[in-house]
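Written below as structure tokens is the structure these notes are about.
The values are calculated or read from the model by the stated rules, or taken from the named source; none is laboratory data. Fair warning: this is a prediction, and the values are worked out from it, not measured in the lab. Note that each Cβ is placed from the backbone with ideal geometry, even for glycine, and that neighbours are counted across all protein chains shown. Side chains included, ligands, DNA and RNA excluded: accessible areas come from the protein's heavy atoms. Shrake-Rupley method; radii C 1.70, N 1.55, O 1.52, S 1.80 Å.
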Amino acid sequence: MILFLIAHMIGNLHVYQGAEAFNSYSHWLRTFGEPAFPPRTLLTAIEVVLVISVVAHMWAAISLWRQARAARPERYAVKKTVAQSYASKTMRWGGVIIILFVVYHILDLTFGAANPAGTDSTPYQRLVAGFQNPFVTAVYVITLILLGMHLRHGIWSATQTLGQSNKRRERTVNYFAIAFSVVLIAGYLIVPFSVLFGLVD
């Protein structure tokens with residue numbers, strides 16, 4: 001999923017090459033692999049892998065939460081909130097919001113059903129029409145920030161779970177997780193802000 005997020009962010013930056021380049025890139029996504037494979041074969045395979053990954057991710061999160069609850073059925077009399085980050089405390093709700101956003105994002109920019117430009121528009125037209133609306137841009141910005149927090153905590157937690165971190169390395173891992181998440185989300189945020197402020201039209 002992280003590799004997909006990186007590739008998707010880089011793909012979005014084609015918007016700075018203009019409408020023709022961005023639309024050509026969008027078309028290439030649906031045709032790469034031809035003529036060895038029928039149209040959209042590799043893209044569909046990637047989408048299937050992503051769906052399986054998301055379901056597995058949700059199943060793992062729910063399983064871990066249930067195990068933690070079962071290990072301590074009685075709640076702590078005093079909670080130690082110092083060690084918990086805001087992202088860790090909102091991980092589950094953040095995940096739910098991100099899933100709902102993905103559905104909206106597909107309806108908005110992929111199919112155009114929820115986009116002002118409509119379903120007959122080009123990918124570039126949908127992107128511009130959507131992000132010219134401050135409300136739509138705000139929805140994307142808020143959700144992307146939540147994604148960044150989710151990602152930062154996920155990277156840090158994964159290193160703990162896999163035993164690749166210890167007290168000596170915790171600070172380095174945390175700095176890396178923050179830096180990676182900030183750079184990735186900034187790469188996503190620059191596009192809607194560019195449209196909103198007229199740098200891309």
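For this structure, a couple of remarks:
- Among the residues of the stretch 166-189, those that are among the aliphatic types (A, V, I, L, M) and under 19 Å from Phe4 (Cβ atoms) comprise Ala177, Val182, Val183, Leu184, Ile185, Ala186, Leu189.
- Residue check, Thr44 in contact with a Pro (Cβ under 9 Å, 6 or more places away or on another chain) and open to solvent by less than 70 Å² (accessible area, probe 1.4 Å): no
- Members of the stretch 1-31 that are farther than 15 Å from Thr110 by Cβ, polar (S, T, N, Q) and surrounded by 12 or more Cβ atoms within 10 Å (Cβ to Cβ): Ser24, Thr31
- The one condition in (1) open to solvent by less than 30 Å² (accessible area, probe 1.4 Å); (2) under 20 Å from the mean Cα position of the chain (by Cα) that Val200 fails to fulfil: (2)
Per-residue answers, yes or no, for (1) surrounded by 19 or more Cβ atoms within 10 Å (Cβ to Cβ); (2) farther than 22 Å from Met58 by Cβ; (3) at pLDDT 95 or above:
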{"position": "Ile98", "(1), (2), (3)": "no, no, no"}
{"position": "Asn115", "(1), (2), (3)": "yes, yes, yes"}
{"position": "Tyr124", "(1), (2), (3)": "yes, yes, yes"}
{"position": "Asn133", "(1), (2), (3)": "no, yes, yes"}
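- Within the stretch 1-51, being in contact with a Lys or Arg (Cβ under 7 Å, 6 or more places away or on another chain) and outside any helix (DSSP H, G or I) holds for Pro39, Arg40.
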